[in-house]
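Contents: one structure, followed by commentary.
The values are calculated or read from the model by the stated rules, or taken from the named source; none is laboratory data. Since the model is a prediction, treat every value here as computed from it, not as a measurement. When we count neighbours, we look across all protein chains shown, and the Cβ atoms used for this are built from the backbone with ideal geometry, even at glycine.
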Amino acid sequence: MKDFPWFKNYPASVGQEINPDSYKSVAEIIEESFNKYGKNAAYVSMDKELSYKELDQQSKNFAAYLQGLGLKKGDKIALMMPNLLQYPIALFGAIRAGLIVVNTNPLYTVREMTHQFNDSGAETLVVLSNFAAGVEKALPKTKIKNVIITDIGDRLGGFKSVLVNFVVKYIKKLVPAYHIPNAVKFNSTLSKGASQKFSKPEISAEDLVFFQYTGGTTGVSKGAMLTNR
């Protein structure tokens with residue numbers, strides 16, 4: 001084994017190599033972390049903590065909702081959000097349902113997002129409301145059937161959630177008007193999913209888990225197909 005210079009910065013508890021066969025899937029790693037860390041904070045946004053236990057339940061609810069839509073292992077879901085608590089909930093829920101995640105840059109132009117939606121074959125989209133106006137223009141040119149919309153403060157809880165969403169939309173006016181028929185609110189998917197059954201799919205190391213798109217600096221953006229391995 002080569003002695004790379006960065007090895008000297010590794011803590012003693014961190015190995016210099018990993019065994020890619022230790023886990024069958026990304027979902028397995030995620031679920032092990034949920035069980036291992038429980039009440040510890042997994043993510044913090046705007047001083048709101050989301051524990052591993054909460055993330056476990058909420059991502060499972062989201063996965064159940066997606067399955068309730070008829071989505072099955074191998075279907076594609078586009079996530080178009082910045083760093084919010086909603087992102088890991090949607091990401092882990094999609095992965096646990098066996099879907100292929102297509103991360104989409106929220107700053108894409110209509111042309112760029114249309115290309116990525118079509119190239120990836122995504123039929124479901126989770127998008128922050130700030131960018132929904134652009135999505136509205138792109139949708140007629142895509143095969144997206146299910147649109148889930150979230151507001152910035154949706155998972156902050158209580159009065160803080162209401163206040164943040166009010167300020168963003170009505171004071172700072174950062175949410176351009178949009179009209180997307182049959183779009184569903186993100187919080188609604190979690191409440192609906194809580195009453196639905198989640199069926200854990202069989203996921204192998206060779207199954208695809210991401211279509212990760214390039215920056216498109218030398219042409220149109222291209223999707224790298226990443227397996228669970």
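Under the condition of being crowded, with 24+ Cβ neighbours inside 10 Å and closer than 24 Å to Ser204 by Cα, which residue from the range 68-94 is nearest to the chain's Cα centre (by Cα)? Across the range 68-94, the extreme among qualifying residues is Ala90. Count of the range 1-60 residues, restricted to those that are β-branched (Val, Ile, Thr) and touching a Phe, Trp or Tyr at 6+ places or on another chain (Cβ under 6 Å), is 2.
Listed conditions (1) surrounded by 12 or more Cβ atoms within 10 Å (Cβ to Cβ); (2) of a type in the set (Lys, Arg); (3) without any contact (Cβ under 8 Å) to a residue 60 or more places away in the chain are all met by Lys173, apart from (1).
For the range 184-224, the set of residues classified as loosely packed, with under 14 Cβ neighbours inside 10 Å, out of contact with any strand residue (DSSP E or B) (no Cβ under 8 Å at 6 or more places or on another chain) and either at pLDDT below 95 or aromatic (Phe, Trp, Tyr) (or both) consists of Gly215, Thr217, Thr218, Gly219, Val220, listed by residue number.
Taking the range 119-135 as the region of interest, how many residues are surrounded by fewer than 18 Cβ atoms within 10 Å (Cβ to Cβ) and more than 15 Å from Ile100 (Cβ to Cβ)?
So the count comes out to 1.
Just one residue in the set Tyr10, Tyr23 is closer than 30 Å to Lys197 by Cα and surrounded by 11 or more Cβ atoms within 10 Å (Cβ to Cβ); that residue is Tyr23.
Just for the range 95-113: of the residues that are crowded, with 20+ Cβ neighbours inside 10 Å and part of a helix (DSSP H, G or I), which one is nearest to the chain's Cα centre (by Cα)? By that ranking, first place goes to Ile95. Restricting attention to the range 198-224, the residues that are hydrophobic (A, V, I, L, M, F, W, C) and farther than 23 Å from Ser59 by Cβ add up to 2.
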